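Let me begin by presenting the structure, written as structure tokens, before commenting on it.
The values are calculated or read from the model by the stated rules, or taken from the named source; none is laboratory data. None of the values given here were measured: they were computed from a predicted structure. Cβ placement follows ideal geometry from the backbone for every residue including glycine, while neighbour counts extend to all protein chains displayed.
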Amino acid sequence: MVTLPRFVTVHFYRTIAALLAAAYIFVSVSPAAAQRGVPIVRDAEIEALVADYAGPILQAAGLSRSSIEIVLVNDHRFNAFVAGRRIFIHTGALLTAETPNEIIGVIAHEVAHLAGGHQHRLREQLARSQTMAVVATLLGIGAGVAAAASNQGDLAQAGVGLAMGGSEAARRSLLAYQRTEEITADRSAVAYLERTGQSGRGMLITFQRMAGDLALAGVNVDPYQVSHPMPRDRIANLEALVKKSRFYDRTDPPALQLRHDLARAKIAAYTAGRNAIPRVFRKDAGGLPVLYADAITSYLSGNPRNALSKVDQLIASQPRNGYFHELRGEILVKANRPREAAEAYATAMKLAPRSGLLEVGYGQALLATGQPDLVRRAATQLESGLTREPSYVNGYRFLAQAYGQLGEIGPAELATAEGYFHSGAYRDAKVMAARAQMKLKRGSPEWVRAQDIIEFREPGRK
């Protein structure tokens, strides 16, 4: 019996792993799996802004707005990707993009992947590439076995080379396919922007920035070894198409630009710190976004009095900005002034688009008062918010506390089970659901929900 050199087998499996890794961002994931593997950011203001960016693009692509979820990822890099029916956008992309149009171009590109069915076709291409790699490896093994049997060492080495070369050819074939899909998505994105009366200039700015970053890094990249076309190639492919559009010189509305800058200010304050703010807003050092970031950093540094003074200035300048009132509510909760915090959240909910996150914040403030009548209202408000945002794990902790304070142990344990379930801790969720079920009325909606958790089977497990 002939034993093949170990590195042939290792190389083959590494190649298959590389093929799988290349397709990772197109693999459908559950909400819990996404939360476990990706640092998710939840923020009502930024989510509403990005939803407004995406709405017209989704309509232009013929996709239902309600069927696509946009997820914010806490990552400083400029990146976005699709998985299942979700578009993931890095906070670094929002922070770096100086105009809404740049992010809208990114969203248009990702929507094109969804509308074009690229995920499904990529999985098919991946299967073909894996088959190519397997066949090439088996041919190489056959040549190696034949050579070993006839004591022809050179031929045996040729068999090893055939196995390795076939795997490399499969990998290159997949990468070439992905580059083609990226070019298609770029062109579709420009078409969506045209249909919605928006400029494609933001896409060109994004690719120019990428090209500049690549040049500054001083890295020589083999264009045939990457899954995306090189930035300069993408610019060359799109520049004429974008510039001939009658919307090329169209700029973003001032109100939308301000919302964009306020979102960037929030991201900078939470993720980059006070020192980053002057760098981000070097062109408008005294504007409202800088004051917004300053109020947030004061709050984060444990100075609620200073933070309240700054947020009151914000509210004076834009009294109907619900998210300024939301920030005021957050500050007042931390300052142990829950009644005032609840009033601020109530105002935010009236002024901002309806959001489960704001409802949970309002419920948290009511809960913090400790007064039974307000705690009951808190439980109702938290239930409402979590109905809209069932995967918002932190909300279940507050809901469990509310029911606990009311002496309703069964619902409190069910809320805890829900929190475990949506965080992906399925074993703990089943234990808590079983405990809750013993205290709930058999056949009630709560009892049935507990039973659903108990009987849930994690995807991929028998």
Any hit, segment 336-354, residues being surrounded by 21 or more Cβ atoms within 10 Å (Cβ to Cβ), β-branched (V, I, T) and assigned to a helix (DSSP H, G or I): no
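Within segment 268-278, how many residues are of a type in the set (D, E, K, R) and either modelled with pLDDT of 90 or more or surrounded by 16 or more Cβ atoms within 10 Å (Cβ to Cβ) (or both)? Walk me through how you get there before you give the answer.
Of the residues in segment 268-278, the ones of a type in the set (D, E, K, R) are 274.
Narrowing further to those that are either modelled with pLDDT of 90 or more or surrounded by 16 or more Cβ atoms within 10 Å (Cβ to Cβ) (or both): none.
Result for segment 268-278: 0.
For the structure I just gave you, tell me whether G363 is modelled with pLDDT of 95 or more, assigned to a helix (DSSP H, G or I), closer than 23 Å to E418 by Cβ and of a type in the set (G, A, S). Please lay out each step first, then the result.
Values: modelled with pLDDT of 95 or more: yes; assigned to a helix (DSSP H, G or I): yes; closer than 23 Å to E418 by Cβ: yes; of a type in the set (G, A, S): yes.
It is true that G363 is modelled with pLDDT of 95 or more, assigned to a helix (DSSP H, G or I), closer than 23 Å to E418 by Cβ and of a type in the set (G, A, S).
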Unmet criterion (only one of (1) in contact (Cβ under 8 Å) with a residue 60 or more places away in the chain; (2) not acidic (D, E); (3) not in a helix (DSSP H, G or I)) for P319: (1)
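If you take the residues in segment 233-248 that are part of a helix (DSSP H, G or I) and hydrophobic (A, V, I, L, M, F, W, C), which one is farthest from the chain's Cα centre (by Cα)?
Start the filter on segment 233-248 by keeping residues that are part of a helix (DSSP H, G or I), which leaves 233-243.
Okay, now just the ones that are also hydrophobic (A, V, I, L, M, F, W, C), so 235-236, 238, 240-242.
Working: I235: 26, A236: 29, L238: 26, A240: 31, L241: 29, V242: 28 Å.
Ranking the qualifying residues of segment 233-248, first place goes to A240.
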Helices (runs of 4 or more DSSP H) lying entirely in segment 1-89 (those with 2 or more residues that are at pLDDT 90 or above and more than 22 Å from L114 (Cβ to Cβ)): 44-61
Of all residues making up segment 172-227, the number that are modelled with pLDDT under 90, at negative phi and not in a helix (DSSP H, G or I): 6
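What do you reckon, is T271 over 26 Å from A191 (Cβ atoms) and of a type in the set (V, I, T)? Before the answer, list the steps.
Numbers: over 26 Å from A191 (Cβ atoms): yes; of a type in the set (V, I, T): yes.
When the stated conditions are applied, T271 passes them.
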Failed item in (1) without any contact (Cβ under 8 Å) to a residue 24 or more places away in the chain; (2) surrounded by fewer than 17 Cβ atoms within 10 Å (Cβ to Cβ), with T251 passing the rest: (1)
